[in-house]
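Taken together, the values in this text are just the output of simple stated rules run on the coordinates, not laboratory data. Keep in mind that this is a model prediction, so the values were computed, not measured. Neighbour counts are summed over all protein chains in view; Cβ atoms, including those assigned to glycine, are modelled from backbone coordinates with ideal geometry.
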C-alpha cells in the first residue's frame, strides 16, 4: 500500500481561474489556498483538514466524472442559501430514509458538487 501523506486534492476543470475562485468564495465560503495563474492552477480549502479542491484551467471538459460531496448539518438551509445566491441545483433534494439526504449543484463550468446530510442516528 502506498504511504499516503493525508492530503487529498480533487482536481476539477474550469474555464476561468479568477471567476471560479470568486464563485467558491462567494457561493460556498471556501477560501483560496494557492494560486499559480502561469500554471492555470488554483486550490480552495474545504471544511475537512487535508482536503482541497484544485481548479485546473488547462483541464479538459467540464461536468467531470468526480462529484465532491460536502457534508452539511442542515441540507435544506444549505440549499436555500446557495439558491438565494443564484446557484443552480439539479432536481429536488433526494432522501434515502434513515440514511442520507442529497442535493446536487453546479459550478459555472457545469461541474457537479453535492451536499449530503446524514440521517443516521448516532
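Neighbour counts of other C-beta atoms within 10 Å: give me 104, 12, 66 arranged from fewest to most.
In order of increasing Cβ crowding within 10 Å: 66, 104, 12.
Using only the alpha carbons, work out the radius of gyration and Dmax of the chain in angstrom.
Looking at the chain, its Cα Rg and Dmax stand at 15.0, 47 Å.
Just need the relative contact order of the range 67-122 here, percent rounded to a whole number, with Cα pairs under 8 Å and 6+ apart.
Computed value for the range 67-122: 42 percent relative contact order.
Rounded to the nearest 500, what is the chain's calculated 222 nm mean residue ellipticity when only DSSP H runs of at least 4 contribute -39500 (n - 2.57) each, over all residues?
-4000 deg cm²/dmol
On a 0 to 90° scale, report how tilted helix 75-84 is relative to the longest principal axis of the chain, with both axes built from alpha carbons and the result rounded to the nearest 10.
Approximately 50 degrees, to the nearest ten.
Quick check: residue separation of residue 19 and residue 5 times 0.36 nm, minus the Cα distance between them. What number comes out in nm?
2.0 nm
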